[in-house]
1. Restricting to the stretch 26-51, what's the tally of residues that are over 23 Å from residue 185 (Cα atoms) and surrounded by 14 or more Cβ atoms within 10 Å (Cβ to Cβ)?
2. Of everything in the stretch 1-14, what is assigned to a loop (DSSP other than H, G, I, E, B) and either touching a helix residue (DSSP H, G or I) at 6+ places or on another chain (Cβ under 6 Å) or modelled with pLDDT of 95 or more (or both)? Give them in sequence order.
3. Consider residue 142 against the criteria (1) surrounded by 13 or more Cβ atoms within 10 Å (Cβ to Cβ); (2) at pLDDT 90 or above: it satisfies all of them except one. Which criterion is unmet?
4. If you check residue 100 against the conditions, is it assigned by TED's automatic domain parsing to the domain that holds residue 28 and either without any contact (Cβ under 8 Å) to a residue 24 or more places away in the chain or under 19 Å from residue 55 (Cα atoms) (or both)?
5. Within the stretch 163-175, identify whether any single residue is touching a strand residue (DSSP E or B) at 6+ places or on another chain (Cβ under 9 Å), outside the structural domain of residue 46 (by TED's automatic domain parsing) and at pLDDT below 90, and answer yes or no.
6. If you go through the stretch 151-162, how many residues are surrounded by fewer than 17 Cβ atoms within 10 Å (Cβ to Cβ) and either modelled with pLDDT of 90 or more or in contact with a helix residue (DSSP H, G or I) (Cβ under 7 Å, 6 or more places away or on another chain) (or both)?
């Protein structure tokens, strides 16, 4: 059983409307679909790298039934009920036909890239790769043996980049010589995105040692 990180760039006509709006909104560089419900009326929990005002603008691109927004020091969480996921039918068909399990989060970047992880056997993952290639540009960022414990070998590419940037700017020096702002500059992203990436990377790396 393998766990694979896919990075996909869909053409403009296949992008989710929320993702397209993120690409147009300069103050939000990243969104993460954290959890979703398997019901006909879709319920999702997302995190956005930006304030409530920007997230409301982004969500205007979809058709929510209800929306609840909660701000934190790291961005904005949105609990949204919809009648449909609003992905293009061809994208949903690939997801529905896939013989793999998709792991949260699904990451939408302002660059236009969607990053997600899938777990399955070699044939299922290979078939998913081929189906995605028929829709857009696909890169496999990482492949590893599946392990229910997330270790530092299973960091996403962005989380690994955040740790490398933190090390390079002196964030882990004693005394500390670098800041989260410096990490954000290295990653060319917002301060809140850098903080969130670093927090998740540190949590993933420390889990094996906490057991």
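1. Our first condition is that a residue be over 23 Å from residue 185 (Cα atoms); within the stretch 26-51, this holds for 33-46.
Remaining after also requiring surrounded by 14 or more Cβ atoms within 10 Å (Cβ to Cβ): 33-34, 36, 42-46.
Counting residues in the stretch 26-51 that are over 23 Å from residue 185 (Cα atoms) and surrounded by 14 or more Cβ atoms within 10 Å (Cβ to Cβ) gives 8.
2. Answer for the stretch 1-14, where residues must be assigned to a loop (DSSP other than H, G, I, E, B) and either touching a helix residue (DSSP H, G or I) at 6+ places or on another chain (Cβ under 6 Å) or modelled with pLDDT of 95 or more (or both): 10, 11.
3. Going through the list (1) surrounded by 13 or more Cβ atoms within 10 Å (Cβ to Cβ); (2) at pLDDT 90 or above, residue 142 breaks only (2).
4. Values: assigned by TED's automatic domain parsing to the domain that holds residue 28: yes; either without any contact (Cβ under 8 Å) to a residue 24 or more places away in the chain or under 19 Å from residue 55 (Cα atoms) (or both): no.
It is false that residue 100 is assigned by TED's automatic domain parsing to the domain that holds residue 28 and either without any contact (Cβ under 8 Å) to a residue 24 or more places away in the chain or under 19 Å from residue 55 (Cα atoms) (or both).
5. no
6. Step one: filter the stretch 151-162 for residues surrounded by fewer than 17 Cβ atoms within 10 Å (Cβ to Cβ), giving 151-153, 157.
Next, from what is left, pick out any that are either modelled with pLDDT of 90 or more or in contact with a helix residue (DSSP H, G or I) (Cβ under 7 Å, 6 or more places away or on another chain) (or both): 151-152.
Total satisfying the criteria: 2.
The values are calculated or read from the model by the stated rules, or taken from the named source; none is laboratory data. These numbers come from a predicted model, not from an experiment. Counting neighbours? That spans all protein chains shown, and the Cβs are built from the backbone with ideal geometry, glycine included.
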